[in-house]
Every structure is written in structure tokens, then in C-alpha cells.
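Okay, structure first, notes after.
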Amino acid sequence: MTPETQLHARALRARLQGDLVLPDDESWDEARLAWNVAVDQRPAAVALPETAEDVVAIVDFAREHGLRVAPQGTGHNAGPLGWLDETILVKTERMRRVDVDPESRRARVEAGALWMDVTATASEHGLVGLAGSSPDVGVVGYSLGGGISWLARKHGLSANSVTAIELVTADGRLVRVDADHEPDVFWALRGGGGNFGIVTSLEFRTRSRRSAGSSTSPRCRTSRSRFAAARSWSSRRRTSARRPRAPS
Ligand SMILES: Cc1cc2nc3c(=O)[nH]c(=O)nc-3n(C[C@H](O)[C@H](O)[C@H](O)COP(=O)(O)OP(=O)(O)OC[C@H]3O[C@@H](n4cnc5c(N)ncnc54)[C@H](O)[C@@H]3O)c2cc1C
């Protein structure tokens, strides 16, 4: 990033609800850290948006200044991002809101939500999501890549339970896609990962604990034991996960 772009970046920071961290800031090393600490991420800047509007502003800024953007929820899969020179790393960890509607059994999560967040909220209503083996994996990165859960034998990939996605496109538009609106983008996102924009929220079906189906874990043979295991999995790992931050 040139010194001039850095000046503009500092001006952008003042307009965000979240933050934009630059290499000479005190919090730089913490900001650029991924869950996978073996990956030494050195982007041009780290953005920590708190709203979808923040994401729009960051994408617009990057486009106007010839920078790339790379979305990251947790950094479980940080390795494939590769060289991050001239890239703003957009970390969604401050966007962790989860809403579950028990009537429709639909969940809506912000881009930084972890599976432990969903499990804790959904289980209050006797519902489960298609979480994988690790509570601190991000719901968005997991679902966009497919997502093979404990309950995959009955319910298939997590991507197939996604009902709507909100994202910021490369031209800075905040759009909502589903089976009826931009169906091609909706199809591509579910398996195509972060290649089509920065997802700001995701909606998906949950299941009742009774209909959850057989687990891929041999230790959980009944729906009651699966549900109990899911709850304890979520709370046990909640305290041990390295990077979870409470939603602001
Ligand atoms: C300990 C561990 C256990 C795992 N268990 C399972 C499992 O049981 N089942 C399974 O299917 N997978 C599993 N995985 C793989 C995991 O699902 C993938 O690594 C997934 O990509 C992680 O998503 P994340 O958001 O946490 O990671 P990140 O590294 O933050 O994101 C990975 C990629 O997802 C995309 N992405 C993330 N956020 C956004 C966004 N807001 N907008 C657009 N794109 C975005 C980007 O392409 C990003 O590079 C596991 C991984 C680990 C390390």
C-alpha cells in the first residue's frame, strides 16, 4: 500500500463502525492472526467490519485503490489464501449475530458466526444445525465449501440447507440471493466458496432434534444422545476455543 493509499485508509477507518488495521498499528499482529497460526498472514490491511455497510465501504475502497479483498471468518482454512500483498483481509469475526425462528426452523447468521453460536441458540428451541466436528469453525466458510456434518448421512451437505445468502459483490452492491433471485449466483456460492463476493449473512434450515437422523459418530445412536452430545460439545469447546469473541 502506498503512503497515499494509507492516508486514504485512515480516512476510511473513521467512517467504519468496525475497524481497519494497518501494519504500523499497535494491534497489527493480533489483527492479522488466523486460527491456523502456522499461516503467517501479511496482508496490506486487515478490515474488521461490524455491519454489511462496513463491508460495502471496504470493497469500494479496495476497488478504488487497486487492492484485492479476501474474506475470512476464522482462518481455519487460511493456507489457500496464499500471498496477501495488496490485499485487504476482511475478517468477519465481529459479525456473530445468530437468530433462530422456531416456527419456520430457519436460522439467520451473520458472516462471522461460529457453529458453537448456532448450536447454543438452536438447542434452546430443540433444533440443530448441520455442524461439523469443530465448534469454532465458521458457519459461512464451512457451508460455502459444502460442509459435512455429524448428520450428513440423513441431511446431506450443509450447503444444501442454505436458503438465502446476502453478499457484497465486487462492484460494491449488497444483494440477497436465493432460489428465485439471482439463482445462478446462489447456486455458485454453495460450493464455490468465497469466489463470488463477501457474504454478510446466511440463512439455512435447521432440524428438530427428533428428526435429526443418524449421526456419523458411532457414540450417538439415539436422537436424545445426539442432542445431548451437541449441547455439551458446544459448551465444552466454548471455553477452550482460542479466538471466539462475544458479539458486540
Ligand atoms: C479443526 C477443523 C475441523 C473441521 N471439521 C470439518 C467437518 O467436520 N466438516 C467439514 O465439512 N469441514 C470441516 N473442516 C473444514 C472447514 O469446514 C473449512 O476449513 C472451512 O473453509 C472453514 O471455514 P471458516 O470460515 O472457519 O474458515 P476461513 O479460513 O475463515 O474461511 C475459509 C474460506 O471460506 C470463504 N469464506 C469465509 N468467510 C467468507 C465470507 N464472509 N464471504 C465469502 N467467503 C467466505 C473464503 O473463501 C475463505 O478463504 C474442519 C476444519 C478444521 C481446521
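Using a 10 Å cut-off on Cβ atoms, rank the peptides 171-180, 29-38, 191-200 from the highest mean neighbour count down.
Working: 171-180: 13.6, 29-38: 15.3, 191-200: 19.7.
My ranking of the peptides, most packed first, is 191-200, 29-38, 171-180.
Roughly how many nanometres apart are two label points built 7 Å out from the Cα toward the Cβ at residue 83 and residue 11?
A separation of 3.0 nm, rounded to one decimal place.
Mind checking which of 182, 50, 93 has the largest fluctuation in a GNM of the chain, springs on alpha carbons under 10 Å?
In the Gaussian network model the winner is 182.
With viscosity set to 1.567 mPa s and temperature to 4 °C, compute the Stokes-Einstein D of the range 98-209, Rh being the Kirkwood radius across alpha carbon pairs; µm²/s, no decimals.
After rounding, the answer is 94 µm²/s.
For a quick check, take a GNM of the chain with Cα springs below 10 Å and name the residue from 127, 67, 20 with the largest mean-square fluctuation.
Comparing 127, 67, 20 in the GNM, the peak value goes to 67.
For residue 169 and residue 124 in one chain, what is 0.36 nm times their gap in residues minus the Cα-Cα distance, to one decimal in nm?
Numbers: separation 45, 0.36 × 45 = 16.20 nm, distance 3.44 nm.
Working it through step by step, the gained length comes to 12.8 nm.
Run the numbers on the chain and let me know its relative contact order in percent, using alpha-carbon pairs under 8 Å that are six or more apart. Don't skip to the end; give the middle numbers.
Values: 498 pairs, mean separation 43.9, N = 248.
Across the chain, relative contact order equals 18 percent.
Rounding to the nearest 20 debye, state how big the charge dipole of the chain is about its Cα centre with +1 on each Lys and Arg Cβ and -1 on each Asp and Glu Cβ.
It works out to roughly 1880 debye.
Just want the answer: with Cβ charges of +1 for Lys and Arg and -1 for Asp and Glu, which residue in 38, 155, 52 is farthest toward the dipole's positive end in the chain?
155
Work the Kirkwood hydrodynamic radius out for the chain: mean of 1/r over every pair of different alpha-carbon atoms, inverted, in Å.
This gives a value of 18.5 Å.
Amide H of residue 90 versus every other amide H placed in the peptide plane: which residues, excluding those fewer than 5 positions away on the same chain, fall under 5 Å?
Amide H neighbours of residue 90: 47, 70, 72.
Say we join alpha carbon atoms closer than 10 Å with springs in a Gaussian network model of the chain; which of 12, 114, 189 then has the biggest fluctuation?
Greatest mean-square fluctuation among the candidates belongs to 12.
Please give, to one decimal in nm, the separation of the simple spin-label points placed at residue 64 and residue 30, each 7 Å out from Cα toward the Cβ.
2.9 nm
Ranked by Cβ crowding within 10 angstrom, fewest neighbours first, how are 125, 155 ordered?
Values: 125 16, 155 19.
Exposure proxy ranking, most exposed first: 125, 155.
Antiparallel as a % of all DSSP beta bridges within the chain, to the nearest 5?
75 percent
Each reported figure results from applying straightforward, stated rules to the coordinates on display, with no laboratory input. Keep in mind it's a predicted model, so treat the numbers as computed, not measured. Quick reminder, even Gly has a Cβ in these numbers, built from the backbone with ideal geometry, and neighbours come from all protein chains shown.
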